[in-house]
Amino acid sequence: MRILRIMAVVLALPLSLAVSAQAQVVAKTALTLDGAKRTITAAVAEAKRINAPGGAIAVVDDGGNLMALERLDNTFAAGANISIGKARTAAVFKHPTKAFEDIINRGRTTMVALTDFTPLQGGVPIIFEGQVIGGIGVSGAASAQQDEEIALAGAIVAKDFAAKGANGARSKVTYIDREKVASAFAKGAPLIEVEEYKVHASRREAAGMAEVHMRETDVIYVLEGTATFVTGGTVVDGKVTTPGEIRGTGIRDGETRRLAKGDVIIVPERTPHWFKEVEAPFLYFVVKPISPSGGSK
């Protein structure tokens, strides 16, 4: 009987060790070298598109370790180290570096005592499924805002690359019945959002903020109501609110149209647009193709 007990304990030991090991490890998505290189390529393309006078672009992993670096012609020598510092700060502290620059400018100067900390706008974390998998930093463009715009373009491509590697190509047919569609229009809600496109059942009860989508083209079909819609021009008090999106209080020197039931308007990516006035309820169906790297589909 004692031998049987000993054998039972011996046989159970590997299973208990396996359960214990599973409890002590976790699977995570990591940024690959190929992904880092694609991120750099997208950022360089954005720098050229906006005619940046130069720029050093660095990509790090989630621990702040350098994975890829490229310095464009005419970039000052220190730009490389500054871009690495921005990327590392964004990745390790899990926030855009502009957030820390703003905090310091508001008076919390003691933050500059932190080690390996570069609180200068132009660093953005690379996020996939809610987890930071790396960071990208840019230094040496025409302005701090331009540094951040270039970094955002790279971060978006890195996220897309990670998503396609994890999920593969999407080929599933999506069907949404009329009750769900009606429910979505009643409150204004997305019907579907994937990496390649978004479909929204949109509802407005009042005017909104001016917007610029860096990668999304808006195909708008008006179902009900009227609105004064402004496109083009310059966004007033524009700020980056989320990666790939700028919002502001209005538009200066834009083109004004009156939208009504049955109208269709297509707003290309990077084009400012603003619902200046709305006669509620204003219902409109929006399809948003998403470009992979800032170029039009």
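The values are calculated or read from the model by the stated rules, or taken from the named source; none is laboratory data. Small disclaimer: the values here were computed from a predicted structure and weren't measured. Quick reminder, even Gly has a Cβ in these numbers, built from the backbone with ideal geometry, and neighbours come from all protein chains shown.
Please give the helices (runs of 4 or more DSSP H) falling wholly within segment 1-114 in which 3 or more residues are at pLDDT below 90.
In segment 1-114, 2-24, 33-49 are the helices (runs of 4 or more DSSP H) which contain 3 or more residues that are at pLDDT below 90.
Give the residues of segment 134-147 that are part of a loop (DSSP other than H, G, I, E, B) and either of a type outside the set (A, V, I, L, M, F, W, C) or closer than 28 Å to THR29 by Cβ (or both), sorted by residue number.
GLY140, SER143
Quick check on my filter: what residues within segment 223-244 are part of a strand (DSSP E or B) and over 21 Å from the mean Cα position of the chain (by Cα)?
Of everything in segment 223-244, those that are part of a strand (DSSP E or B) and over 21 Å from the mean Cα position of the chain (by Cα) turn out to be LEU223, GLU224, GLY225, THR226, ALA227, THR228, PHE229, VAL230, THR231, THR234, VAL236.
Taking the criterion of being assigned to a helix (DSSP H, G or I) and more than 13 Å from GLY55 (Cβ to Cβ), would at least one residue in segment 115-133 satisfy it?
Checked segment 115-133: no residue is assigned to a helix (DSSP H, G or I) and more than 13 Å from GLY55 (Cβ to Cβ).
Name the residue, out of ARG247, ARG203, that is among the basic types (Lys, Arg), closer than 26 Å to LYS159 by Cβ and either outside the structural domain of ALA47 (by TED's automatic domain parsing) or in a loop (DSSP other than H, G, I, E, B) (or both).
Exactly one residue qualifies, and that residue is ARG247.
Considering only residues that are touching a residue at least 60 places away in the same chain (Cβ under 8 Å), touching a strand residue (DSSP E or B) at 6+ places or on another chain (Cβ under 6 Å) and either of a type in the set (Val, Ile, Thr) or within 17 Å of ILE290 (Cβ to Cβ) (or both), which ones fall in segment 214-251?
Across segment 214-251, the qualifying residues are ARG215, GLU216, THR217, ASP218, VAL219, ILE220, VAL222, VAL240.
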